[in-house]
Structures are given as C-alpha cells and as structure tokens.
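What follows draws every value from the coordinates through simple rules; no lab data is involved. Model, not experiment: these values are computed from the prediction. Neighbour counts are summed over all protein chains in view; Cβ atoms, including those assigned to glycine, are modelled from backbone coordinates with ideal geometry.
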Amino acid sequence: MRSNHYAFIIAAALLCACAQPGRKGARPAAVPEKETAAPAAAGVKAPELSAEDSQKVEGLYYRAVGAYSNNDMAAALNYLNEISTLSPSYPPAVELRGKLKSVSGAKPAPPPQKP
C-alpha cells in the first residue's frame, strides 16, 4: 500500500512540474540586449568604416582567428591591435580579445591609442 502512495505523489509532482497551463495573452519576458562595446554603451558612436577599411578589418580578423587557432597568441594580439586602430569596437575582435585574455591568464596589452 505504501509503494502506491509514493508513486501517486511522484506522479502528481511530475505532472504539476511538467504540464503548466497555457495562459492566453501571456508574453515571454523581454531578453535584455547584450552590450557589445564601451563606446556604444557610453552613447558615443563609432565612426563608419569605408568599404576598403571594412574589408581590411575583416581580413585582419580572419588572420587573428587563424593565429589563435595555431596557438600563436602574439600574432593574434598584433592583428587585434591593428584592428583596434581602424575600428576599436569591432564586436568579433572584442570577443576574440576576451578569449585571448582568458586563455593566456594574463592581461594583454591594451590596444594602441590614437595620438
């Protein structure tokens, strides 16, 4: 008799946890957008890149990814520094710089500042 009692309690708990009633008009909670770069968060717009500079930044990024994949962190960091001079807030480069930082365990040098 006891085993049936426990089975009923477990079944009731699973049913309540898994089958929630559908609510009409219920909306999912809004997902906050991820902040990508400090200049965008501060309300400062990054300058628009020309098509040529955009291609150059993209090429440098792929070189940085290749160097990172080959475990050449110094070369990857050099490519990222070049990207930072052209476009400091390029999101893929910012993300890769964070990965480099986490892999190396040390803080990489900040990107060079424009005079």
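Here the spin labels are modelled as points 7 Å beyond Cα on the Cα-Cβ line, and at residue 62 and residue 113 they lie 3.4 nm apart. Computed over the stretch 51-104, the alpha-carbon pair-distance distribution with 10 angstrom bins reads 29, 59, 12, 0, each value a whole percent.
Quick one: dipole size for the stretch 51-104, taken about the Cα centre, charges +1 on Lys/Arg Cβ and -1 on Asp/Glu Cβ, in debye to the nearest 20. Provide the component values of the computation, followed by the final result.
Details: 5 positive and 6 negative charges, 45 e Å.
With only Lys, Arg, Asp and Glu charged at Cβ, the dipole is about 220 debye.
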